[in-house]
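Working notes for the structure below.
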Amino acid sequence: MKFPFRLITLILLGVASWFVVVSCGTLEAQQMGAKVPPDLVTDYIYRIIKSERTIYGKYVVQRLKDENVVRASEHWQQEKALPLPAQMFRMSSELASENSEFSYGAISPWSLNRNNIPNTDFEKKAMKEVLDTGLPYKDYQVKDGKKYFSALYPDKAVSAACMDCHNQHPIHKQRYPSKVFKVGDVMGGILINLPLED
């Protein structure tokens, strides 16, 4: 039982290390007067987020489930299980946006959590574009009086664990009975909001 928690700790340390590297790199770039286009910044951030989600969903949760070592559960703390990939993602996004205007998160028209359903005009338009094209949608927006460069990237089911969790969840069955995900399907989007200097 200790092995999975060590693995989770290593993953969390890797994510924390990434934030340190990005923070230091940003500071160095500012000191040198370098300007990196915001769409390139969001692309880099997305690549790291996607890598972390894929590794956790495919090589931790799915693998340990297949080997019957430990399973992921919505009630992971009470059941001594792994957090679901969506929970792990939410925890890391909350930590990353702590005391910052930068944020990222998941949105989906089929979200189990009503807070993650596209709400703003930007989110609705971006989600429609991502679902129609399978490509990222990027644009500027103003939120709470602050200008952001925002990008929504397709969030695909990378393993059976992802789609099984959603397809079999009671809330999904009740709200979206006709929506059955398969591996590779776009299940929603990863939204990155990058604050811009005035």
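The values are calculated or read from the model by the stated rules, or taken from the named source; none is laboratory data. Computed from a prediction, not measured in an experiment: that's the story for all the values here. Neighbour counts run over all protein chains shown; Cβ positions are idealised from the backbone, glycine included. Accessible surface is based on the protein model in full, side chains and every heavy atom, while ligands, DNA and RNA are left aside. Shrake-Rupley method; radii C 1.70, N 1.55, O 1.52, S 1.80 Å.
Quick one: in region 148-173, which of the residues that are modelled with pLDDT of 90 or more and over 16 Å from the mean Cα position of the chain (by Cα) is surrounded by the fewest Cβ atoms within 10 Å (Cβ to Cβ)? Ranking the candidates gives Phe149 first. Among the residues of region 85-102, the ones that are among the hydrophobic types (A, V, I, L, M, F, W, C) and crowded, with 20+ Cβ neighbours inside 10 Å come to 3 in all.
Out of Asp139, Asp164, Asp132, I need the residue that is in a helix (DSSP H, G or I) and more than 20 Å from Pro83 (Cα to Cα). Which one? Can you show your working first?
Details: Asp139 fails: in a helix (DSSP H, G or I); Asp164 fails: more than 20 Å from Pro83 (Cα to Cα).
Being in a helix (DSSP H, G or I) and more than 20 Å from Pro83 (Cα to Cα) holds for just one of Asp139, Asp164, Asp132, which is Asp132.
Scanning region 96-142 for residues that are of a type in the set (A, V, I, L, M) and touching a residue at least 40 places away in the same chain (Cβ under 8 Å) gives Ala96, Ala106, Ile107, Leu112, Ala126, Met127, Val130, Leu131. Considering region 103-124, the residues that are open to solvent by 30 Å² or more (accessible area, probe 1.4 Å) and assigned to a loop (DSSP other than H, G, I, E, B) include one that is nearest to Cys165 (Cα to Cα), namely Leu112.
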